[in-house]
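Below: the structure, in structure tokens.
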Amino acid sequence: QVQLVESGGGLVQPGGSLKLSCLGSGFTLDNYAIGWFRQAPGKEREGVSCRLTSDGTTYYADSVKGRVTISTDYYKNTLYLQMNNLKPEDTAVYYCAAAPMGGWAVVTSQGCHGMEYWGKGTLVTVSS
């Protein structure tokens, strides 16, 4: 069965860095739409960064642009989110997500929608 398992969350000070990982199993990330989403307390879930592994099309939310980088390790079938200069407003549960090409997912430089597979999340807390 398709599974996505996040790791790497934790407590970090403002201005610090953190790298999240998402291990996929039951499928391969090649030719997939992949991404990271987050949900802060009292707020709706929002897309942080998404990418089409087939052609490299990438989306970054305005709130994180310039501070985060999405990447993949195809051999390890793992998705990463490198986050730098973290701010208290980055505090949230972070989820990785994926969908096969040809499905409902749509990823452009302006956003991403229609992810089908989801991890259970990892908590990131930015506080001094």
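Be a star and scan region 37-51 for residues whose amide nitrogen sits under 19 Å from the point 7 Å along the Cα-to-Cβ vector of S17.
Within reach of a label on S17: 49.
Just to be sure I understand the model, the point goes 7 Å from the Cα along the line to the Cβ. What's the resulting S127 to N31 distance in nm?
In this crude label model, S127 to N31 measures out at 4.6 nm.
Could you provide, to the nearest whole Å², the per residue accessible area of the chain with probe 1.4 Å?
Ligands and nucleic acids excluded, the figure is 52 Å² per residue.
Considering only DSSP beta bridges whose two residues both sit in the chain, what percent are antiparallel, to the nearest 5?
Bridges in the chain that DSSP calls antiparallel: roughly 95 percent.
Could you run the Karplus curve 6.51 cos²θ - 1.76 cosθ + 1.60 with θ = phi - 60° over region 110-116 and give me ³J(HN,Hα) per residue in whole Hz, x for Gly and Pro?
So the J values, rounded to whole Hz, are 9, x, 8, 8, x, 5, 10.
Using per-residue counts of other Cβ atoms within 10 Å, averaged over each peptide, order 116-124, 11-19 from highest down.
Result, highest mean first: 116-124, 11-19.
So which chymotrypsin sites (Phe, Trp or Tyr not before Pro) in region 40-100 are both in a DSSP loop and have at most 12 other Cβ atoms within 10 Å of their Cβ?
Answer in residue order: Y74, Y75.
The values are calculated or read from the model by the stated rules, or taken from the named source; none is laboratory data. Just so we're clear, the structure is a prediction, and the values are computed from it rather than from any experiment. Virtual Cβ from ideal backbone geometry, glycine too; neighbours counted across all protein chains shown. When the accessible area is computed, the model is the full protein with side chains, heavy atoms only, and any ligands, DNA or RNA have been set aside. Shrake-Rupley method; radii C 1.70, N 1.55, O 1.52, S 1.80 Å.
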